Amino acid sequence: MDIPAYMQELGRSARAAAGVLANLSADAKNAALLAVAEALERETEYLAAENERDLAAARAAGLSAALIDRLTLTPARLHAMAKDVRVVAGLRDPIGTVLDQRSRPSGITITKVRVPIGVIAIIYEARPNVTIDAASLCLKSGNAVILRGGSEALHSNAALARIFQHALATTKLPTAAVQFVETTDRAAVDALLRMEQFVDLVIPRGGKSLIRKVAEDSRIPVLKHYEGICHTYIAKDANIDKAIAVCMNAKVQRPGVCNAMETLLIDAQIAEKVIPPLFAKLREAQVELRGCPRTKAIDPNVRDATEEDWRTEYLDLILSVKIVDDVDEAIAFINEYGSHHSDAIITEDAYIGAHFLQHVDSATVYVNASTRFTDGGEFGMGAEMGISTDKLHARGPVGLEELTSYKYMIRGDGAVRT
């Protein structure tokens, strides 16, 4: 395959499709999305068969249980994907929204209007649901998308993209609005990152090495989704039952995702009360515990935590634990060692909670709630493109509005500048 020529053709087709999408009605886009949702539920056997090809290869390659979980398309997950697509179809179309309007003494009227970005490239690893989430959000926001998934989910991603394209064709929309890079050759990524004449934004989703490569090599603006080193801090006045419930959810419910807790901070004044019952439950759930010296003094069976542990996104049933003296030490630790993704405090003191919310520099900050809520669906945004840890131009869950730009429309009646 001539990779540069192949990628250039994808880019040209995407640019042409983007011109059509930018002017589609909400009804036309929604009809296509509803067709996608119906197809996902209708084609479960086909999707399961293609997914099993990827799962068999993953097991043969010895991938971790957490990674295999991320690859797996269960009937429940396919149903959830279809539900998310319907949610996106039901959301308000952001395109054409008037953001501001003003009249000037010169006789011109200036209107600031939300518009699509254009062509978006998504480079991602492991999770096949990203194929549908990204395509749905891009279609609803009027953007064409080029999808480049990881080799470990090649068959699953390709099957999902075909289903989406078929739905576009049946609703008379350009199939080039959603394109999947059907090669695992890394040269395709290199070519994609140099296609600034066709692609307006690149969004990488995956491990730190992938995101760093994209950010360093791209000639196109990049919206980064860096790792999720998420913290929960149990303050001195926390309700212990509440703290245990939140921490168990944050660590155990689905450890292989970016909003799972990786480091637990415990106030010294409550540590001896909360550690025994919490650690017992964590061990029941097969969580490996790594702690600081003060943690080990309370529970000697904890492994030593290293400096590297505080900076590690495990994506597994491993948790690092540190005892701190107060909320300000917790905040300083999170701001230094965290990835500015999602961090939480468990407290019954409203002032301490507000102080934490104000001073932790992360995209999402919680009081008395699990970090697992950092998700477009949980935020009422439908699906999401990822969790941006950037500050420009989007931060936190990336939904429809975050996939738009704006332009100024100026009207006059023969106005001239003096």
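The values are calculated or read from the model by the stated rules, or taken from the named source; none is laboratory data. A quick note: this is a predicted structure, and the numbers were derived from the prediction, not measured. Because the Cβ atoms are built from the backbone with ideal geometry, glycine has one as well, and the counts that use them run over all protein chains shown.
Out of curiosity, is THR389 modelled with pLDDT of 95 or more and of a type in the set (S, T, N, Q)?
no
For the stretch 386-395, does any single residue satisfy the condition of being out of contact with any Lys or Arg (no Cβ under 9 Å at 6 or more places or on another chain) and free of Cβ contacts under 8 Å to residues at least 12 places away in the same chain?
Within the stretch 386-395 (the criterion being out of contact with any Lys or Arg (no Cβ under 9 Å at 6 or more places or on another chain) and free of Cβ contacts under 8 Å to residues at least 12 places away in the same chain), the answer is yes, since at least one residue qualifies.
Tell me whether the stretch 231-248 contains one or more residues that are touching a residue at least 60 places away in the same chain (Cβ under 8 Å), surrounded by fewer than 20 Cβ atoms within 10 Å (Cβ to Cβ) and of a type outside the set (Lys, Arg).
Yes - at least one qualifying residue is present in the stretch 231-248.
For the stretch 254-278: of the residues being of a type in the set (A, V, I, L, M, F, W, C) and part of a loop (DSSP other than H, G, I, E, B), which is nearest to the chain's Cα centre (by Cα)?
CYS258
Across the stretch 5-22, which residue is surrounded by the fewest Cβ atoms within 10 Å (Cβ to Cβ) among those that are small (Gly, Ala, Ser) and part of a helix (DSSP H, G or I)?
Top of the filtered list is ALA5.
This table checks each residue for (1) in a loop (DSSP other than H, G, I, E, B); (2) modelled with pLDDT of 95 or more.
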| position | (1), (2) |
| --- | --- |
| GLY142 | yes, yes |
| VAL145 | no, yes |
| GLU152 | no, no |
| HIS155 | no, yes |
| ALA158 | no, yes |
| ALA161 | no, yes |
| LEU168 | no, yes |
| ALA191 | no, yes |
| PRO204 | no, no |
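Quick one: what pairs do we get from the stretch 365-382, first residue aliphatic (A, V, I, L, M) and modelled with pLDDT of 95 or more, second part of a strand (DSSP E or B) and buried (at least 17 other Cβ atoms within 10 Å of the Cβ), C-beta under 7 Å, 6+ apart or different chains?
Within 7 Å, the pairs are VAL365/ASP343; VAL367/ILE345; ALA369/ALA344.
Can you give me the number of residues within the stretch 211-244 that are of a type in the set (A, V, I, L, M) and within 20 Å of GLU262 (Cα to Cα)?
Qualifying residue count, the stretch 211-244: 8.
For residues that are surrounded by 19 or more Cβ atoms within 10 Å (Cβ to Cβ) and out of contact with any Leu (no Cβ under 9 Å at 6 or more places or on another chain), scanning just the stretch 33-91, find the one that is farthest from LEU173 (Cα to Cα).
It comes out as ASP84.
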